[in-house]
Amino acid sequence: MAKNYHDITLALAGICQSARLVQQLAQDGQCNREALAVTLKSVLETNPASTLAVFGNDPGNLMLGLETLMGVLNANRQGPGAELTRYTLSLMVLERKLSASNGALATLADRISQLERQLVHFDLESDTLMSAMAAIYVDVVSPLGPRIQVTGNPTILQNPATQARVRAALLGGIRAAVLWQQVGGGRLQLMFSRNRLFEQAKKILAQC
């Protein structure tokens with residue numbers, strides 16, 4: 001069956017958006033707030049009508065991710081692009097570990113439903129919800145290993161609020177990686193279909 005490269009590219013852009021947010025937070029202590037909101041909301045989209053529905057039904061919500069994806073596909077082996085590639089691939093590896101563990105998946109679903117109940121009382125980007133999402137990543141996803149080594153400004157990374165945002169963004173990256181597998185994504189595409197992914201990302205960006 002032919003692969004749907006449009007949906008595969010959207011999901012891959014979701015992973016890359018998370019990676020870029022992590023990089024921004026680790027280096028500067030702040031990030032693109034609109035993109036972060038999209039990434040956080042995607043975690044709660046557990047039964048979407050379409051691939052784009054996970055990201056608010058607007059390709060413009062993935063602009064940062066699409067631009068990052070194009071950079072990753074053209075990246076050198078050193079520099080900021082290499083770091084983004086490492087985050088992206090690490091999220092894919094963790095997602096495979098998660099999907100292979102029925103226990104972890106069941107716990108994840110339960111914890112996400114608890115998040116939805118907290119949303120009645122707290123804003124999604126509040127410290128309370130950010131900490132709750134970070135805790136899900138630390139308790140459920142991270143122990144599956146290997147741990148993602150986040151590099152940046154050590155002083156900034158010692159800030160508990162920044163740590164929570166980084167982990168919440170990583171949880172959003174795991175959500176996108178699950179979606180990527182569901183729509184037919186595979187790591188071989190990153191080796192053999194780079195041009196096709198790049199052109200698809202460029203085409204979607206042009207619509208934003």
- Query: Which of the residues spanning segment 152-177 are of a type in the set (Gly, Ala, Ser) and either modelled with pLDDT under 95 or more than 15 Å from the chain's Cα centre (by Cα) (or both)?
  - Reply: 152, 161
- Task: Restricting attention to helices (runs of 4 or more DSSP H) lying wholly within segment 108-186, give those where 3 or more residues are open to solvent by less than 60 Å² (accessible area, probe 1.4 Å) and touching an Asp or Glu at 6+ places or on another chain (Cβ under 7 Å).
- Result: 160-182
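The values are calculated or read from the model by the stated rules, or taken from the named source; none is laboratory data. Please read these numbers as outputs of a predicted model, since none were measured by experiment. Note: ideal-geometry Cβ built from the backbone for every residue, glycine included; neighbour counts use all protein chains shown. Calculation scope for accessible area: heavy atoms of the full protein, side chains included, ligands and nucleic acids excluded. Shrake-Rupley method; radii C 1.70, N 1.55, O 1.52, S 1.80 Å.
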